[in-house]
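Here is the structure we will look at.
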Amino acid sequence: MKENSVFGYTIASKSDRFLANLFQTFIFILFVLFISWVFNISILNIVGEESSLLEVLWSGLAGAIVGIIFYPRFCGNLGHRILKIKVISAETGIDYNNAKEGALREFLKNVLGYLFIPSIWILWDDKNQNLYDKITKTYVVYVKN
């Protein structure tokens, strides 16, 4: 099997990208549970029974906050960091480590996650890019040792 690479980096596999997203989601759920415990808020009040536009926007805001906090330090989110993958520019190959750009990428990731097609796009893309990767012109790659 031919190795898929860009700018001297190996493109992260679909399975590693999926696991990074699972880790990120799990960490976020633990954080929400901790906050609900500290402030004695019922988790049922936080998680509604049906999706609304407001929930989509809150999800996007949470993603933007993740991007602002973690991209300058890790070139990605916590799931990326755990699996030793990072985000780079598809145009220049430089690390995607700007807070504003990270906020936009994570915002799009969370908002577009409510739609099915952007999430499964990666299955047919030869560079393992989702729709938000295409919009922000990024690749997810393995960190060089």
| request: Assuming a ≥ b ≥ c are the square roots of the Cα gyration tensor eigenvalues, decide whether region 86-145 counts as rounded (a/c under 1.5), prolate (otherwise, with a/b larger than b/c) or oblate. | output: oblate
| For the chain, modelled as a GNM with alpha-carbon contacts under 10 angstrom, which of Ser42, Ser89, Ser59 fluctuates the most? | Ser42
| Over the chain: Rg over Rh, Cα atoms, Kirkwood Rh | 0.99
| request: Determine the per residue accessible area of the chain with all protein chains present and a 1.4 angstrom probe, expressed in square angstrom. | output: 64
| query | For the chain, modelled as a Gaussian network with Cα springs under 10 Å, which listed residue fluctuates most, Ile88, Ile35, Ile68? | reply | Ile35
| request: Give the cross-link partners of Lys86 among the lysines, using a straight C-alpha distance below 20 Å as the criterion and excluding same-chain residues fewer than 8 apart. | output: Lys14, Lys100, Lys109, Lys127, Lys134, Lys137, Lys144
| Within the chain, what is the longest stretch that has no GluC sites (Glu not before Pro) placed in a DSSP loop and near at most 16 other beta-carbon atoms within 10 Å? | 92-145
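The values are calculated or read from the model by the stated rules, or taken from the named source; none is laboratory data. Not measured: the values here are computed from a predicted model. Cβ atoms come from the backbone with ideal geometry, glycine included; neighbour counts cover every protein chain shown. When the accessible area is computed, the model is the full protein with side chains, heavy atoms only, and any ligands, DNA or RNA have been set aside. Shrake-Rupley method; radii C 1.70, N 1.55, O 1.52, S 1.80 Å.
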